[in-house]
1. Condition check: more than 16 Å from the ligand (Cβ to nearest atom), touching a residue at least 12 places away in the same chain (Cβ under 8 Å) and not in a loop (DSSP other than H, G, I, E, B). Does residue 275 satisfy that?
2. Quick check on this structure: which one of 20, 75 is away from the ligand (no atom under 15 Å from the Cβ) and under 27 Å from residue 109 (Cα atoms)?
3. For the range 215-253, how many residues meet the condition of being under 30 Å from residue 46 (Cβ atoms) and over 11 Å from the mean Cα position of the chain (by Cα)?
4. Got a number for residues in the range 196-214 being over 25 Å from the mean Cα position of the chain (by Cα), assigned to a helix (DSSP H, G or I) and exposed (fewer than 15 other Cβ atoms within 10 Å of the Cβ)?
5. Is it the case, given these coordinates, that residue 55 is within 15 Å of the ligand (Cβ to nearest atom) and touching a residue at least 60 places away in the same chain (Cβ under 8 Å)?
6. State whether one or more residues within the range 57-72 are out of contact with any helix residue (DSSP H, G or I) (no Cβ under 7 Å at 6 or more places or on another chain), within 30 Å of residue 209 (Cβ to Cβ) and surrounded by fewer than 19 Cβ atoms within 10 Å (Cβ to Cβ).
7. Mind telling me which of the residues 151, 168 ends up being over 20 Å from the mean Cα position of the chain (by Cα) and modelled with pLDDT of 95 or more?
8. Scan the range 257-268 and report the pairs whose first residue is more than 17 Å from residue 58 (Cβ to Cβ) and within 11 Å of the ligand (Cβ to nearest atom) and whose second residue is assigned to a helix (DSSP H, G or I) and modelled with pLDDT under 95, with Cβ atoms within less than 6 Å and a gap of 6+ or a chain change.
Ligand code: PHE
């Protein structure tokens, strides 16, 4: 049986601080940039339906599993895998996948974060491109001019490392609380406004009128794959956040709330983006550039568009920062737990290495790395967690940490999901080559 933790690790100040920080990690560029282009290109409602089912069946149990690993051990991914497995090399190596995935993901995520900050700057100074030709050219210039990208990438990276270096309460929890609350209020307001636009009906139809024929195997795989990215699973983020939990917390409740916030944000962001796009008679299938190329000139043509654009890109920046913070935390806590290095040095040390490595993506296309790190590595990391929970942790340890009885039907279901169903689905995803 795995012994519960008693180390003097920093703890979250409050339950809601923890929930907001985890929701801050989940809610990110994925909800705007990735979700809207994937849904836009894959049948809208069909993609969304499969995505929601996948959050329920795979996302929530896996999130509980990650929190459990963190809470049970009081350690971050590698050290936790080491402790649970009794120092078995294979498991330690599997834990390292999460750290590597985080290292690589943050590099390109921060490049996109830099784009967002750059667009926020343009929106605030009223300089967003006014028509689609100018918008395509402006985005083309930004994404192909390394010197320009480096400036924004550096700024974004500094903000993220600055927050993480201040620790769990004074850094991560505090800034997530501020940024996430502002974010949720602004997004709700913007979605209500978007519903008054002429394209709102069409947007809702596109998002919620299900056509079962559009649910192809490819759509299913893409939607399941996106679940990991969107809920920040598979890199050890939720393990790290779970390791700062006090004893008394109901993990299933927290995981359901976090997943609902994340899915709601994706839907509200979809309503905002698709309503605007349809209002101008455009189609939402323009691919990855939808937020950066399609939207800016549309904002310019809307009444009060300058303010809407500023709010939109501020929201995106807040979402990107709180997610990037959580990704950096994985690498920083790895150094703290495994190598006993102080938080300050761990944070700035890992941030510098990630920054230098990530510079590659200011001069190269990120499609491939997003596929490998944001797709395959996350699924591999998630597979490792579900196997760890399903095959190496005794069910009575799980029952104790979840404060329930060993024969509770929900616990049994959770255990069996992690033991059989989730690994099978993940292996299908990995071998299908669609990630
Ligand atoms: N979940 C976050 C998003 O949707 C970011 C993230 C992706 C975090 C992958 C960790 C791993 O943008």
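1. Yes, satisfied.
2. Matching residue, one of 20, 75: 75.
3. Residues flagged as under 30 Å from residue 46 (Cβ atoms) and over 11 Å from the mean Cα position of the chain (by Cα) within the range 215-253 amount to 12.
4. 4
5. Answer is yes for this residue.
6. Checked the range 57-72: at least one residue is out of contact with any helix residue (DSSP H, G or I) (no Cβ under 7 Å at 6 or more places or on another chain), within 30 Å of residue 209 (Cβ to Cβ) and surrounded by fewer than 19 Cβ atoms within 10 Å (Cβ to Cβ).
7. The conditions single out 151.
8. Sorted first by the residue in the range 257-268, then by its partner, the pairs are 265/31.
The values are calculated or read from the model by the stated rules, or taken from the named source; none is laboratory data. Just so we're clear, the structure is a prediction, and the values are computed from it rather than from any experiment. Backbone-built Cβ (ideal geometry, glycine too); neighbour counts: all protein chains shown.
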